[in-house]
Amino acid sequence: GDSVTQMEGPVTLSEEACLTINCTYTATGYPSLFWYVQYPGEGLQLLLKATKADDKGSNKGFEATYRKETTSFHLEKGSVQVSDSAVYFCALSSNTGNQFYFGTGTSLTVIP
Amino acid sequence: DAGITQSPRHKVTETGTPVTLRCHQTENHRYMYWYRQDPGHGLRLIHYSYGVKDTDKGEVSDGYSVSRSKTEDFLLTLESATSSQTSVYFCATRDLNTGELFFGEGSRLTVL
């Protein structure tokens, strides 16, 4: 079945460091891929998405490219800020569109 | 943002008692979902609905039931709560135009 595997955390970085959170997926057909972010005490909110191969999603300085050949959707940011501290979830929407599959989440802490 | 409200936001109950969590949306989204979030497991789908009176099971549906009598309301019921159902529960709706999931703020349930 469809599934998402993402990098284990927690991740701790200094402000202005580079961030990469790895995400790989298993799916039949052509899923859509998402990154969601969860700030403390809140629900998840969409960070970025890509709906087909080679698409790049971007938002708030974060980027991820849908790589079909490596079945990956890694999240990157060139310079993190303290306000980026949160839990990040990679997710996949199945071909039928009925269900989402989430990774286990990666906790990021950015220290000044 | 989609208007999704969950109630109650916090509940403490005892083993063996029934519990109902309510999700209310104002966006007229056809698809609604209940997830639970636990450390080390990320988000796991309990049940989802694809229309009024149309529901289906997710990966962790044992011990849970759902009902959807109106487009805007999706109820999650624990008929006889157990300590393993202590968790944070999230409701979500899906915008079929964008594919995006919108989440409520979560309901924290503690079963003693």
Original post:
B:Tyr35 passes all but one of (1) in contact with a helix residue (DSSP H, G or I) (Cβ under 8 Å, 6 or more places away or on another chain); (2) part of a strand (DSSP E or B); which number fails?
Top reply: (1)
Subject >> Residues of region B:90-112 satisfying the condition of being part of a strand (DSSP E or B), at pLDDT below 95 and more than 13 Å from the chain's Cα centre (by Cα) >> reply: B:Arg94, B:Leu101
Subject >> Hits in region A:1-42 - residues which are surrounded by 13 or more Cβ atoms within 10 Å (Cβ to Cβ), at pLDDT below 95 and of a type in the set (Gly, Ala, Ser) >> reply: A:Gly9, A:Ala27, A:Ser32
Original post:
Has region B:77-89 got any residue that is in contact with a strand residue (DSSP E or B) (Cβ under 8 Å, 6 or more places away or on another chain), in a loop (DSSP other than H, G, I, E, B), at pLDDT 95 or above and β-branched (Val, Ile, Thr)?
Top reply: yes
Original post:
So which residues in region A:44-81 are polar (S, T, N, Q) and either part of a strand (DSSP E or B) or at negative phi (or both)?
Top reply: A:Gln45, A:Thr51, A:Ser58, A:Asn59, A:Thr65, A:Thr70, A:Ser72, A:Ser79, A:Gln81
Original post:
Among the listed residues B:Leu96, B:Leu112, which satisfies the condition of being loosely packed, with under 14 Cβ neighbours inside 10 Å, at the interface with chain A (Cβ under 9 Å from one of its Cβ atoms) and touching a residue at least 60 places away in the same chain (Cβ under 8 Å)?
Top reply: B:Leu96
**OP:** Please indicate, with yes or no, whether at least one residue in region B:14-24 is farther than 30 Å from A:Thr106 by Cβ, touching a Cys at 6+ places or on another chain (Cβ under 9 Å) and hydrophobic (A, V, I, L, M, F, W, C).
**Re:** no
**OP:** Only residues that are at pLDDT below 95, surrounded by fewer than 17 Cβ atoms within 10 Å (Cβ to Cβ) and within 14 Å of another protein chain (Cβ to nearest Cβ): list them for region A:59-106, please.
**Re:** A:Ser94, A:Asn95, A:Thr96, A:Gly97, A:Asn98
**OP:** Output the residues belonging to region B:51-71 that are surrounded by fewer than 15 Cβ atoms within 10 Å (Cβ to Cβ), assigned to a strand (DSSP E or B) and within 14 Å of chain A (Cβ to nearest Cβ).
**Re:** B:Gly51, B:Asp54, B:Asp56, B:Lys57
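The values are calculated or read from the model by the stated rules, or taken from the named source; none is laboratory data. It should be emphasised that the depicted structure is a prediction, and the values quoted were computed from it without experimental measurement. Backbone-built Cβ (ideal geometry, glycine too); neighbour counts: all protein chains shown.
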